[in-house]
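Only the coordinates and a few stated rules stand behind these numbers; no lab work does. Quantities reported herein were computed from a predicted structural model and do not represent experimental measurements. We place every Cβ from the backbone using ideal geometry, glycine too, and count neighbours over all the protein chains shown.
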Amino acid sequence: MIAAPRSRVTAFSRRVDRAANRGLERSYPPLRRAWKTLLPLLSGAAGLAWRGLRPLLRWFFLALAGVEAVLRAGGRLAAGAATAIATVFTPRRGIGLVIAGAGALLVVSQFLDYHGVQIGGAQYAGLGGVAKPPTVDVKTAGEAHSYVLVPIGALTVLLGLAVILRGGRLGRLAAAATIVLGAASLAVILLIDLPHGTDVGAQSSRFAGAVAVLEKGFAAELAAAGGVVLGGLLYYARPCLIRINLSGRAASARRRRPRRRASSRARVARSA
């Protein structure tokens, strides 16, 4: 029962194979004649296309060569500029510049508004920033602590300049003093400025819905004090403190250098 269907399938596949072979045998001569007829036409068309595209390809590859030359020249200039900058703008000087900049920002932030009292802020909540509630009792950051951070910031600038101009023991002492001054500034900001900045004070009895807000001056002095501490810590963690043993590198390079093979006379002399 099972062998009969299988034999029928086998006979059908053989008939299909024979029909396909006869079709291929019959189609081969006309396909070969068509190929011989079209080959000269295709060769002529390819030649015409090549003669037309050859100037365009020439200009294209010339443009690529020009772009490559410009990129190579730009890379050489960039490498030279980076080398020249690296000889002047060392990690120590960069860290000193960060310290001096943070100290200058600390001085400037003392004259910016850091505290204010907004009146009726709930009524302006749905306006989407079109109108802002009126602000009264605006104070600068220095008023909360009698501008004590101004001399600290000025001294930080001097310490940053000391780090830029001199390294070694003086630089380490300047960095340590910078960390101390930055920590003291953070203590003043968080322990004095923050409570005063969030206190409504006497305005709560004068206006209904009065809310104390911290202005941009508070964020500026907080960021400056954090930058002072960070600059001092970076001085002790900077990569230029890692000394490289140049003699050891030269010795390792000599060990990696391939040695010349000794002649037969030298080998005989060593064995003797």
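General observations
- In terms of overall dimensions, the range 42-115 has a Cα radius of gyration and Dmax of 28.3, 86 angstrom.
- Along its first, second and third principal axes, ordered by size, the range 10-88 spans 90, 40, 8 Å in Cα coordinates.
- Per-residue HN-Hα couplings for the range 146-157 [Karplus 6.51, -1.76, 1.60; θ = phi - 60°; Hz; x = Gly/Pro]: 6, 6, 6, 7, 5, x, 5, x, 5, 5, 5, 4
- Whole-Hz couplings from phi, Karplus 6.51/-1.76/1.60, listed for the range 179-191; x for Gly and Pro: 4, 5, 5, x, 5, 5, 5, 4, 5, 5, 5, 7, 8
- Among 43-52, 86-95, sorting by the average number of other beta carbon atoms lying within 10 angstrom of each residue, highest first, gives 86-95, 43-52.
- In this label model, Arg22 and Glu143 are separated by 11.0 nm, measuring between points 7 Å along each Cα→Cβ vector.
- Fraction in percent of alpha-carbon pairs per bin - 10 Å, the range 130-188: 20, 36, 21, 14, 8, 2
- Extension gain for the segment Lys36 to Ala183, taken as residue separation times 0.36 nm less the Cα-Cα distance, is 43.8 nm to one decimal.
- FRET efficiency for Thr90 and Asp113, using Cβ-Cβ distance with R0 set to 41 Å, rounded to 0.05: 0.60
- Whole-Hz ³J(HN,Hα) from phi, Karplus 6.51 cos²θ - 1.76 cosθ + 1.60, for the range 7-19, glycine and proline x: 5, 5, 5, 5, 5, 5, 5, 5, 4, 5, 5, 5, 5
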